Amino acid sequence: MDVISNPEIFMIFYLTLSKGQNMAEFKRNLDRLRNFFTHHPHSINETYPEHLRFASVTGLKLIGAGMACLIHSFCPFWFENTASTTIKAMQEEMDARKHHPENKNPPF
């Protein structure tokens, strides 16, 4: 099944809500919509919830490291190693995921 682009998602929402389509069209559009959210996670052997959790935690860690950097820029005596330590730990975690035997097509 092909991957859909961002503008197409709105058309699919419209099509799935329209009353004039038959059940086969509805199911096809629903499958395309589902594929929009699962194509990338499946390409790295993850489910959507697994990918959502990992990406969310990664983003929160990066926000925290960024905030520590900003505070450190004004007060150099605070958070002297926080950002670099966080980023190094995240790199190790991503390297471990990349070399995991289940990840045949890692995105990194």
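Rule-based calculations on the coordinates, nothing more; no lab input. The model shown is predicted, which means the values in this text are computed figures rather than measured ones. We place every Cβ from the backbone using ideal geometry, glycine too, and count neighbours over all the protein chains shown.
Taking the fewest neighbouring Cβ atoms within 10 Å as the starting point, the ordered list for R97, R53 is R53, R97. Spin-label model, K88 to A24: label points 7 Å out along the Cα-to-beta-carbon direction sit 6.1 nm apart. The length gained on full extension between L52 and H72, counted as 0.36 nm times the residue separation minus their Cα-Cα distance, comes to 4.2 nm.
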